[in-house]
Each structure stands twice: as structure tokens, then as C-alpha cells.
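Engineer: I have a structure I would like to understand better, so I am pasting it below and will then ask my questions one at a time.
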Amino acid sequence: MDSGASQHLCGSRKDFIRGTYKEIIPRGIEIADQSKMQAVGQGDVSMGQLQLSNVLYVPQLGTNLLSVARILDCGWDVQFTSARCTIAKKEIA
């Protein structure tokens, strides 16, 4: 989870939902430590009930980075405690 990320980033090609992945013109990405990497693909990734769309594929990335802002924009709540991060569908009052 990354509260400063503007995009979801995935480092593993196999995590993309079959049929949603497409190669893109390589695009420079700068991550929090100012490292520069290239996104070379884009598609959807499923994490249980949470489906992330337009996730960028960055092969050099050692882990996945999820944008808290994009998750909130899709109608989910994100809660952090000292031990964990929980993502849940917002309850409609």
C-alpha cells in the first residue's frame, strides 16, 4: 500500500488477469525513493474481491505497489493499524 502513489504498479506479469494485459509504449515511472523504472504494459489485476484496473507492469519492481487514493476512488475503505492494512467495500448509509 502506498499513500503517495498515483498509479497501481505490478512487478509480475503473471499477476494480470488473462486477456486484459497489453503492452504499452515504455513509460518512465519514478517511485518514492526517486528510482526511475520503465512501465512496459498495462492491465487488470485481481486481489480477492478487489479488482484493480489500469495497473502498470514494471518488470524491475520487486513488489507490487497499490495506490491508496485509487482504491478510495473506487469506493473502498482503507484502514491502517500498527499491525495491518485492511481494505473493505464502503458501507452505504
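The numbers here are math on the coordinates, done by the rules we state, and not lab data. Computed from a predicted structure; not experimentally measured. Cβ sites come from the backbone with ideal geometry, for glycine too, and all protein chains shown count toward neighbours.
Engineer: Grab the DSSP H runs of the chain that are 4 residues or longer, score each as -39,500 (n - 2.57), total them, divide by all residues and round the 222 nm result to the nearest 500 deg cm²/dmol.
Structural biologist: Calculated mean residue ellipticity at 222 nm is -1500 deg cm²/dmol.
Engineer: Give the peptides 50-58, 62-70 in descending order of average Cβ contacts within 10 Å, highest first.
Structural biologist: 50-58, 62-70
Engineer: Send over the Kirkwood Rh of the chain, from the inverse of the averaged 1/r over different Cα pairs, rounded to one decimal Å.
Structural biologist: 13.9
Engineer: Hey, another quick one. Pop out the ³J(HN,Hα) list for region 11-16 in order, Karplus 6.51 cos²θ - 1.76 cosθ + 1.60 with θ = phi - 60°, rounded to Hz; leave Gly and Pro as x.
Structural biologist: Karplus-based 3J(HN,Hα) across region 11-16 equals x, 10, 4, 6, 6, 7 Hz.
Engineer: Another question about this same structure. Short version: ³J(HN,Hα) in whole Hz for each residue of region 63-77, in order, from phi by Karplus 6.51 cos²θ - 1.76 cosθ + 1.60 (θ = phi - 60°), x for Gly and Pro, what are they?
Structural biologist: So the Karplus estimates, Gly and Pro as x, are 8, 8, 10, 10, 7, 4, 4, 5, 5, 4, 4, 8, x, 10, 9 Hz.
Engineer: Quick one: which residues, 5+ away or cross-chain, put their amide H under 5 Å from the amide H of N64? H built at 1.01 Å from N.
Structural biologist: G11
Engineer: Counting alpha carbon pairs within less than 8 Å and at least 6 residues apart, what relative contact order, in whole percent, applies to region 9-89?
Structural biologist: 28
Engineer: Which residue, I17, I25, I71, tops the fluctuation ranking in a GNM of the chain built on C-alpha contacts under 10 Å?
Structural biologist: I25
Engineer: By how many nm would the segment from S53 to D2 lengthen if fully extended, with 0.36 nm per residue of separation less the alpha-carbon distance?
Structural biologist: In short, 16.7 nm is gained.
Engineer: Please list, or write none, the aspartates and glutamates whose alpha carbon is within less than 16 Å of the alpha carbon of K22, excluding same-chain residues fewer than 8 places away.
Structural biologist: By straight Cα distance, K22 reaches D44.
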